[in-house]
Amino acid sequence: LIAPPNTLFIAIRSERNDGRNYIASLIKQGVQAFIIQDQPNPEWLNNASFIVVENSLVALQSLAEYHRNQYNLPIIGITGSNGKTTVKEWLVHILHPLMQIVASPGSHNSQIGVPLSIWQITDQHQLGIFEVGISEMGEMESLAQIINPEIGIITNIGTAHSAGFPDDYSKCIEKLKLFSKSKKIIYCRDHSLIASCIQNEYDHLFENSPEITTWGSLADSIIQITEIENHDSKTVIKYQINNPTLPSSDQTMPTAGQFIIHLVDKASIENALHCRSLLHALNITPQIADNLMEHIPSLPMRLELLEGINHCTVINDSYSNDLNSLVVALDFMEQQKGNKPRRLILSDILQSGKEEVELYKEVANLLNARKIDRFSAVGEALTRQKDLFPIDSEFFLNTEELLKRKKKEEFKDELIVIKGARKFQFEAIANML
């Protein structure tokens, strides 16, 4: 726990566990505020305060909905069977130079993950990008109320979580409920199931007659894909933008264009086209949008668990860096079995919106709470704040200095998290390890 006196613990009951089981231990650690479903044990009342509710999960979601409603920023909601996290991460990556963005950390898209993600919103943010996953009927309505997205992306409908739905049509309709109040919706026109659901249920599902942006090979796609050229390490995608109405004799001339991504697999191409369609929906000019697309990372922006040198295990997240995703990476480290010493290699955290000292105090507290044994820091800001960290920590002004000073032999039998902002090019550290 980073700040026990400022912590509210919501004890959620599930099929596998009950948050109530942790209350006594948390009180000993200094937590003083709890939300629970049943009356508290009498011995707890001397040291803590309790709010008793009918359902703790509903209470968490209601708090998140209230918090979201305090801010008027536009939100993009992403749902579908696959690709949600990749599309979200790529959009954050290509849009963050243009605006302050808040987004779901990692794959926080569940009934608990969504409200926790929404809780990150502050008045500094200009755009929110949140992913939503569901596993059975009836789950989407509460999450839609929390997020209330202005723009919606449905990536695809596949076999994931099919057991919770009577059929794929029902699953698609349930996912589309996320966009009941949206103004714009994006999907692949070639996915006939999604197209049928939207066309058949349009008036019933959507309250605000949303504008539909489609992409695909079919002629009635708004962004019609005319050619996909696959090369050894990149893909060139050519398209034309058709009049956003059904084809007719007075249709205006389409606008042609192309963009490049440094990936070649089918899933990445599909995810990239969702991103390109979102840029179109945001009214970003084609030339700027196509240029932004080339900045999609050439490696997957997901945690990678790799076998490293000298019996090390490496968790590679060297493509983005913020406090929330750092917590996700360290949580993932926590899940790994074994007793290896834990090392974190961390770059400066950029564009956090926090004062430097405040930011790195939080980082130092986080490392202490997660019991990090060895800390290697890269960047001028971290170096300036080195007094906040353990005396045996290592500080390097840039990645080149770390690679020059550190020998491979110094990394042995460790569990290592590599977490760096893109500009620090931590891929070189990952390759070394």
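Annotations for the structure displayed:
- Whole-number accessible area per residue in Å² for the chain, which is evaluated in the context of all protein chains at 1.4 Å: 49
- The HN-Hα couplings worked out from phi for segment 379-384 by the Karplus form 6.51 cos²θ - 1.76 cosθ + 1.60 (θ = phi - 60°) are x, 5, 5, 4, 5, 4 Hz, whole numbers, x standing for Gly and Pro.
- Gaussian network model of the chain, Cα within-10 Å springs - most flexible of 221, 192, 182: 192
- Surface share of carbon and sulfur [accessible, 1.4 angstrom probe, percent] for the chain: 48
- Oblate is the label for the chain, because the ratio a/c of its alpha-carbon gyration tensor axes (a ≥ b ≥ c) is 1.5 or higher and a/b is not greater than b/c.
- The heavy atoms of residue 412 present about 120 square angstrom of accessible area, all protein chains included, probe 1.4 Å.
- Anisotropy class of segment 45-176 from Cα gyration tensor, a/c 1.5 cut: oblate
- Choice from 215, 44, 90 with maximal GNM fluctuation in the chain (Cα, 10 Å cutoff): 44
- For residue 414, residues with placed amide H under 5 Å, excluding near neighbours: 312, 313
- In this structure, the residue pairs whose Cα-Cα separation is over 31 Å, taken from 181/234; 177/371; 386/407; 171/340; 28/408; 234/407, are 181/234; 177/371; 171/340; 28/408; 234/407.
The values are calculated or read from the model by the stated rules, or taken from the named source; none is laboratory data. If you're wondering where the values come from, they're calculated on a predicted model, not measured in any experiment. Note: areas computed on protein heavy atoms with side chains; ligands, DNA, RNA excluded. Shrake-Rupley method; radii C 1.70, N 1.55, O 1.52, S 1.80 Å.
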